[in-house]
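The values are calculated or read from the model by the stated rules, or taken from the named source; none is laboratory data. Keep in mind the model is a prediction, meaning the values are calculated, not measured. Every residue, glycine as well, gets a Cβ built from its backbone with ideal geometry; the counts of neighbours run over all protein chains shown. These accessible areas exclude ligands, DNA and RNA; they are computed on the full protein's heavy atoms, side chains included. Shrake-Rupley method; radii C 1.70, N 1.55, O 1.52, S 1.80 Å.
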Amino acid sequence: MSTLGILLTLTVLAAFSYYIGRKRSLALATPVKRGGNDLHSLPSYYGYLVVVWAVIPALLVFTLWSTLETPLLTSNVMSHLPAEYQNKSADELSLTTNRILNLAKDPAQLAKADPTLKTAAEEYQQLQSMSQNIKTILVLALAIAGVFIGLRHVKPKTRARNQVERVVQFIMIGCASIAILTTVGIVFSVLIESYRFFEQVPATDFLFGTHWSPQTALRADQAGSSGSFGAIPLFVGTLLISAIALLIAVPLGLMSAIYLSEYAGPKLRAYAKPAMEILAGIPTVVYGFFAALTVAPFIRELGESLGLSVASESALAAGVVMGIMIIPFMSSLSDDVINAVPQAMRDGSYGMGATKSETIKQVILPAALPGIVGAFLLAASRAIGETMIVVMAAGLAANLTINPLEAVTTVTVQIVTLLTGDQEFDSAKTLAAFALGLSLFIVTLILNVVALHIVRKYREQYD
């Protein structure tokens with residue numbers, strides 16, 4: 001049976017387990033006319049208890065088997081290859097393994113393959129078929145046995161609700177652990193690749209260099225064979241565009257949130273807030289077109305009319321459009337946190353004789369400060385990580401400048417550029433992307449730490 005077939009069978013078995021578990025609990029309950037229902041938990045919990053016994057062990061075995069199946073089968077097949085294959089380097093052996101796996105999946109190529117590899121691929125097919133059959137039988141047998149074991153636990157005194165809630169708690173802990181471990185894995189992978197980059201390029205050249213030209217040649221006699229990895233222009237470009245975007249988004253978003261939550265009527269708020277949130281649903285490539293075809297030419301013509309030299313692709317055009325894009329993040333989140341301030345605090349302020357504007361400045365905004373800072377951080381993270389608008393409106397030139405009328409580039413744009421196409425993951429050019437990613441991660445982390453410090457220092461304590 002295929003993997004999809006096994007999962008569908010388990011789904012059907014889970015529904016059947018819930019039905020018979022619930023039905024059995026009702027059958028065992030003392031009738032109402034003889035003293036009332038004496039079940040410890042609701043009947044549905046007994047159904048869920050049988051489902052847990054039927055599905056959880058079977059899914060664990062299915063997952064474990066599926067994870068170990070390919071490595072074990074591959075290792076077994078490779079151990080039967082002739083000595084000339086066994087003595088190959090690790091890279092060549094990995095390539096041979098991939099060829100065998102591809103042949104096992106493609107019967108047309110298998111017929112024309114090398115006899116040794118053909119034999120290995122056929123052996124892999126046989127082992128895989130046998131493994132799939134054993135896995136199917138084992139998983140379904142466990143599920144059916146789980147149904148019977150679960151039904152034996154369906155008794156009036158069984159604490160079904162407690163047991164089911166404990167299982168759900170473990171599942172939630174597992175989900176949280178997956179998210180945390182994924183983050184840890186990403187950080188470690190970036191650290192390892194960055195370490196490999198800094199083995200080839202000094203960290204001081206990367207952090208304090210002012211020239212970014214990561215192009216490296218395959219031969220020493222080619223131009224640019226050494227490359228230049230000074231990341232200062234990228235950091236300055238990122239900060240410049242992000243600052244312009246936040247200068248647009250933060251005042252507009254915060255003022256919009258204050259107006260909608262404190263001054264606007266219910267009807268206007270019902271239409272205005274969804275209309276602003278539509279901006280968040282527009283794809284960034286559309287913003288990029290808007291920036292490249294409308295805003296950038298307008299800024300260039302306006303600058304030329306004032307006698308200024310404006311590049312065709314400028315940081316100002318990208319920053320303005322990016323600021324418009326992140327206004328909904330600032331306004332919607334700020335509006336939610338301002339509305340979450342208890343009405344009693346407003347009433348108390350009005351009772352003391354304060355005006356509406358004084359109440360907003362002295363009571364509401366300090367109370368909502370943690371949420372507003374969170375909205376600012378979300379907007380800043382979105383601005384720092386945006387790529388498409390910068391590519392289309394600010395260009396790819398790594399210029400070290402703070403002039404918003406010139407073309408610049410950002411860290412994320414260069415990461416995409418470095419990892420586009422076929423790349424060698426042992427070259428400094430490719431590994432530079434991981435070093436840039438690590439730098440971006442550290443900057444974001446510092447930004448979060450500073451924001452938390454500000455929140456704790458200036459937050460008004462209530463309750």
_Cβ-Cβ distance below 7 Å, separation of 6 or more or different chains: which pairs start in region 35-48 with a residue that is more than 9 Å from residue 25 (Cα to Cα) and end on one that is assigned to a loop (DSSP other than H, G, I, E, B) and modelled with pLDDT under 80?_
36/30; 37/29; 37/30; 38/29; 38/30
*Right, residue 305: polar (S, T, N, Q), at negative phi and in contact (Cβ under 8 Å) with a residue 60 or more places away in the chain or not?*
no
*asked:* I need the full set of residues from region 45-75 which are open to solvent by 50 Å² or more (accessible area, probe 1.4 Å) and of a type in the set (A, V, I, L, M), in order please.
replied: 56, 59, 60, 64, 68, 72
_Odd one out for residue 318 among (1) in a helix (DSSP H, G or I); (2) farther than 22 Å from residue 420 by Cβ_ = (2)
*Which number in (1) without any contact (Cβ under 8 Å) to a residue 12 or more places away in the chain; (2) within 22 Å of residue 242 (Cα to Cα) marks the one condition that residue 352 misses?*
(2)
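What do you reckon, is residue 421 open to solvent by 50 Å² or more (accessible area, probe 1.4 Å) and within 30 Å of the chain's Cα centre (by Cα)? Steps first, please.
Working: open to solvent by 50 Å² or more (accessible area, probe 1.4 Å): yes; within 30 Å of the chain's Cα centre (by Cα): yes.
Yes; evaluated as a whole, the condition is true for this residue.
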*asked:* residue 398 - would you say it is farther than 26 Å from residue 291 by Cα, modelled with pLDDT of 80 or more and in contact with a strand residue (DSSP E or B) (Cβ under 6 Å, 6 or more places away or on another chain)?
replied: no
*asked:* Just the residues that are closer than 11 Å to residue 431 by Cα and of a type in the set (Val, Ile, Thr), please, taken from region 188-205.
replied: 190, 192, 201
*Taking into account only those residues within region 409-418 that are among the hydroxyl-bearing types (Ser, Thr, Tyr) and touching a Ser or Thr at 6+ places or on another chain (Cβ under 6 Å), which is surrounded by the fewest Cβ atoms within 10 Å (Cβ to Cβ)?*
412
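Quickly run through region 353-388 and pick out the residues that are of a type in the set (Asp, Glu) and at pLDDT 85 or above. Quick ask: steps written out before the conclusion?
Residues of region 353-388 that are of a type in the set (Asp, Glu), as a first pass: 358, 386.
358, the sole residue that qualifies.
For every residue, the table says whether it meets (1) surrounded by 12 or more Cβ atoms within 10 Å (Cβ to Cβ); (2) in contact with a strand residue (DSSP E or B) (Cβ under 7 Å, 6 or more places away or on another chain); (3) at pLDDT 90 or above.
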residue	(1), (2), (3)
123	yes, no, no
156	yes, no, no
163	yes, no, no
172	no, no, yes
210	yes, no, no
222	no, no, no
228	yes, yes, no
_For region 253-277: of the residues being under 28 Å from the mean Cα position of the chain (by Cα) and touching a residue at least 40 places away in the same chain (Cβ under 8 Å), which is surrounded by the most Cβ atoms within 10 Å (Cβ to Cβ)?_
253
*asked:* Can you pull out every residue in region 278-287 that is surrounded by 12 or more Cβ atoms within 10 Å (Cβ to Cβ) and either in contact with a Gly (Cβ under 7 Å, 6 or more places away or on another chain) or of a type outside the set (Val, Ile, Thr) (or both)?
replied: 279, 280, 287
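Condition check ((1) touching an Asp or Glu at 6+ places or on another chain (Cβ under 6 Å); (2) of a type in the set (A, V, I, L, M, F, W, C); (3) surrounded by fewer than 17 Cβ atoms within 10 Å (Cβ to Cβ)) across all residues:
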{"site": "347", "(1), (2), (3)": "no, no, yes"}
{"site": "365", "(1), (2), (3)": "no, yes, no"}
{"site": "368", "(1), (2), (3)": "no, yes, no"}
{"site": "375", "(1), (2), (3)": "no, yes, no"}
{"site": "384", "(1), (2), (3)": "no, yes, no"}
{"site": "388", "(1), (2), (3)": "no, yes, no"}
{"site": "407", "(1), (2), (3)": "yes, yes, no"}
{"site": "428", "(1), (2), (3)": "no, yes, no"}
{"site": "452", "(1), (2), (3)": "no, yes, yes"}
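So which of 293, 279, 247, 254 is of a type in the set (A, V, I, L, M, F, W, C) and either out of contact with any helix residue (DSSP H, G or I) (no Cβ under 8 Å at 6 or more places or on another chain) or under 19 Å from residue 445 (Cα atoms) (or both)?
Numbers: 279 fails: either out of contact with any helix residue (DSSP H, G or I) (no Cβ under 8 Å at 6 or more places or on another chain) or under 19 Å from residue 445 (Cα atoms) (or both); 247 fails: either out of contact with any helix residue (DSSP H, G or I) (no Cβ under 8 Å at 6 or more places or on another chain) or under 19 Å from residue 445 (Cα atoms) (or both); 254 fails: either out of contact with any helix residue (DSSP H, G or I) (no Cβ under 8 Å at 6 or more places or on another chain) or under 19 Å from residue 445 (Cα atoms) (or both).
Residue meeting the stated conditions: 293.
Answer yes or no as to whether residue 315 is among the small types (Gly, Ala, Ser), touching a residue at least 40 places away in the same chain (Cβ under 8 Å) and in contact with a Ser or Thr (Cβ under 9 Å, 6 or more places away or on another chain). Let's see the steps before the verdict.
Details: among the small types (Gly, Ala, Ser): yes; touching a residue at least 40 places away in the same chain (Cβ under 8 Å): yes; in contact with a Ser or Thr (Cβ under 9 Å, 6 or more places away or on another chain): yes.
When the stated conditions are applied, residue 315 passes them.
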*Options 271, 263; residue that is out of contact with any helix residue (DSSP H, G or I) (no Cβ under 9 Å at 6 or more places or on another chain) and either of a type in the set (Val, Ile, Thr) or farther than 17 Å from residue 317 by Cβ (or both)*: 271
*List the number of the failed condition for residue 191; all other conditions in (1) under 37 Å from the mean Cα position of the chain (by Cα); (2) within 22 Å of residue 60 (Cβ to Cβ); (3) touching a residue at least 40 places away in the same chain (Cβ under 8 Å) hold.*
(2)
*Among residues belonging to region 310-331 that are open to solvent by less than 20 Å² (accessible area, probe 1.4 Å) and among the polar types (S, T, N, Q), point out the one that is farthest from residue 256 (Cα to Cα).*
314
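Residues 38, 91: which one is farther than 20 Å from residue 7 by Cβ, modelled with pLDDT under 85 and outside any loop (DSSP other than H, G, I, E, B)? Walk me through it before giving the result.
Details: 38 fails: outside any loop (DSSP other than H, G, I, E, B).
The unique qualifying residue is 91.
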